[in-house]
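The values are calculated or read from the model by the stated rules, or taken from the named source; none is laboratory data. Remember, predicted model here, so these are calculated numbers, not experimental data. Please note: Cβ atoms are built from the backbone with ideal geometry, for glycine as well, and neighbour counts cover all protein chains shown.
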Amino acid sequence: MSDTIKTTCLHDKHLALGAKMSPFAGFDMPIQYSSITEEHNAVRKAVGVFDVSHMGEIFVSGPDAESFVNHIFTNDVRGMEDGHILYGMMCYPDGGVVDDLLVYKEFEQDHYLLVVNAANIDKDDEWLRSNAAGYDVVIDNQSEAWGQLAVQGPGSEDEIVSLLGIDGTEAEEEIRNLKFYTFADAEDDKGNRVIISRTGYTGEDGYEIYATPDNINYLWDELMSDGVAPCGLGCRDTLRFEAGLPLYGDELSAEISPVMAGLSMFCKLDKPEFVGKEALASQKAEGAPRKLVGIELHDVAIPRAGYPVELEDGTQVGVVTTGYHSISLDRSICFALVDSKVSALGTPLWIRIRKKVFPGEVVKKRFYQTNYKK
Amino acid sequence: MAKINEGLLYCESHEWVKVDGNVAIIGVSDFAQEEMGDITYVDLPSEGDTVTAGEDFGALESVKASSELYSPVSGTVIAVNSELEDAPEKVNEDPYASWIIKVEMSDTKELDALMNASSYAEIAK
């Protein structure tokens, strides 16, 4: 661990574009280039690109790779097809979350790629190693060797075909036909690997590209000359929030289990075992004490992380985890962790914003209708 | 570079004051609106409310965060710019024309604690 702030392979490009920079997860990252609203709308209506090179890539391989990944992962990787991707969590024995992550089943037997949150790379690497006793696996944290771009929005399919220069080739068919949560492999002319997955964190169709820092720089420059909007972490948060997607640290944490966060569908309790299974099963059976809900305010006041959620009589029953005046929906909405007793849809709740209290009600967490390529 | 208007007084929390007799017209600086980004909502007090120097009287909300407004002076709110309720982006477009409240000051000596444009230029960067 180093105290100095890290940078991604595109740091100089962000500075040259005049991005507003801010520390995030130990990296100096672009928050916005033009405005959060403009960048948000570019992704919803056209195409935008994010530098997400801060994300971690940990490769797991070996004869016991499948049973090991299944041991530390809440979703079920048994029998996963090559080129497929699953979302899920790594949990502590008490059901709290170490991290949420994507698991890629590689095109090689017993090989998996775990894509983890930047803030958790070191913690995850240690967690994997400390749970690997008795498993014949190799855990290889290659996070510093890989950059990553997220090209997102309804125009992303055409943009990726043009970016990779694969017009009219078999590869074009392959890239256009990639389904949500699958990926393809490619190589540059020097034999460096490029991974292209149909994934994202925006609620729109899109691709994520993993490649060497040199290739990421090349691809970024091409995207800029194609007029693709550079997008910062500011709109990454507004986009993922509208799509009902959790952020580790806000909606998932060592204290907030996937059952509390409403992510039970990614926890396969019918698996023989995994770390956290008993705790999650009992939370599911008995009901978690707290639940993550969506709340919509009837006024335009804006709920923010940390604001208290109350009953009409002023009793505090929860706290806001993320909130915005939604750019795409023009509604004042938030995620909040509340007492399960007040988590039913339609329940009236009040949010204390500075000196006033504003009425609202529990609504579905997926505020925005997502547009994935199923 | 953020614009700083001569002839206004400023405080460290980036509000500006235009003095008109015993009335203080209060807004936020160009530096403040640039730092905040797109302003989406202005939380205004009501006419007749009492404000105290150094205490918050409302807030600006941008897409990403809320930022409290601190009154540079003490007194009574005699006008609020209700135009900002429907058009909060005016604060971004012209922060020095988009006043937020007018306060009848109870103690004009409080103005002595505020900065002039050249002093403020030192911190607004």
>> Just to verify a result, which residue in segment A:196-212, among those that are polar (S, T, N, Q) and not in a strand (DSSP E or B), is nearest to A:GLU157 (Cα to Cα)?
In response: A:THR199
> In this structure, is A:ASP64 in contact (Cβ under 8 Å) with a residue 40 or more places away in the chain and out of contact with any strand residue (DSSP E or B) (no Cβ under 8 Å at 6 or more places or on another chain)?
Replying inline: yes
>> Please go through segment A:334-356 and give me each residue that is modelled with pLDDT of 95 or more and part of a strand (DSSP E or B), ordered by number.
In response: A:CYS334, A:PHE335, A:ALA336, A:LEU337, A:VAL338, A:ASP339, A:PRO348, A:LEU349, A:TRP350, A:ILE351, A:ARG352
> Can you name the residue in segment A:321-359 that is in contact with a Lys or Arg (Cβ under 6 Å, 6 or more places away or on another chain) and within 13 Å of chain B (Cβ to nearest Cβ) and is also farthest from A:MET260 (Cα to Cα) among such residues?
Replying inline: A:SER328
>> Can you name every one of the strands (runs of 3 or more DSSP E) wholly within segment A:76-195 that holds 3 or more residues which are charged (D, E, K, R)?
In response: A:97-105
> Are any residues in segment A:155-189 surrounded by 17 or more Cβ atoms within 10 Å (Cβ to Cβ) and touching a residue at least 40 places away in the same chain (Cβ under 8 Å), and if so, which ones?
Replying inline: A:GLY155, A:SER156, A:GLU157, A:GLU159, A:ILE160, A:LEU163, A:LEU178, A:TYR181, A:THR182, A:PHE183, A:ALA184
>> Can you tell me which condition B:SER74 does not meet? The list is (1) within 14 Å of chain A (Cβ to nearest Cβ); (2) in contact (Cβ under 8 Å) with a residue 24 or more places away in the chain; (3) surrounded by 15 or more Cβ atoms within 10 Å (Cβ to Cβ); (4) more than 11 Å from the chain's Cα centre (by Cα), and all the others hold.
In response: (1)
> Across segment A:60-88, what is the number of residues that are under 18 Å from the mean Cα position of the chain (by Cα) and more than 16 Å from A:TYR181 (Cα to Cα)?
Replying inline: 2
> Just one of B:SER66, B:SER82 is of a type in the set (Ser, Thr, Tyr) and over 28 Å from A:SER22 (Cβ atoms); which is it?
Replying inline: B:SER82
> Just one of the numbered conditions (1) crowded, with 18+ Cβ neighbours inside 10 Å; (2) within 13 Å of another protein chain (Cβ to nearest Cβ) is not true of B:GLU93; which one?
Replying inline: (1)
>> under 30 Å from A:LEU239 (Cα atoms), of a type outside the set (Ser, Thr, Tyr) and at pLDDT 95 or above: which single residue out of B:ASP94, B:ASP38 fits that description?
In response: B:ASP94
> Being surrounded by fewer than 19 Cβ atoms within 10 Å (Cβ to Cβ), more than 14 Å from chain B (Cβ to nearest Cβ) and under 28 Å from A:ILE31 (Cα atoms), is that true of even one residue in segment A:287-309?
Replying inline: yes
>> Just to verify a result, which residue in segment A:10-27, among those that are under 16 Å from A:CYS235 (Cβ atoms) and of a type in the set (A, V, I, L, M), is farthest from the chain's Cα centre (by Cα)?
In response: A:LEU17
>> Which residue is surrounded by the fewest Cβ atoms within 10 Å (Cβ to Cβ), if the candidates are limited to segment B:18-59 and must be of a type in the set (Ser, Thr, Tyr) and within 14 Å of chain A (Cβ to nearest Cβ)?
In response: B:SER46
> Among (1) closer than 14 Å to A:ILE353 by Cα; (2) part of a loop (DSSP other than H, G, I, E, B), which single condition is A:LEU329 missing?
Replying inline: (1)
> So which residues in segment A:248-266 are part of a loop (DSSP other than H, G, I, E, B) and either more than 13 Å from A:LEU337 (Cα to Cα) or among the charged types (D, E, K, R) (or both), if there are any at all?
Replying inline: A:ASP250, A:GLU251, A:ALA254, A:GLU255, A:LEU263
>> Quick check on my filter: what residues within segment A:229-247 are in a loop (DSSP other than H, G, I, E, B), away from every other protein chain (no Cβ under 14 Å) and surrounded by fewer than 24 Cβ atoms within 10 Å (Cβ to Cβ)?
In response: A:ALA243, A:GLY244, A:LEU245
> Would it be correct to say that A:ASP82 is among the charged types (D, E, K, R) and surrounded by 19 or more Cβ atoms within 10 Å (Cβ to Cβ)?
Replying inline: no
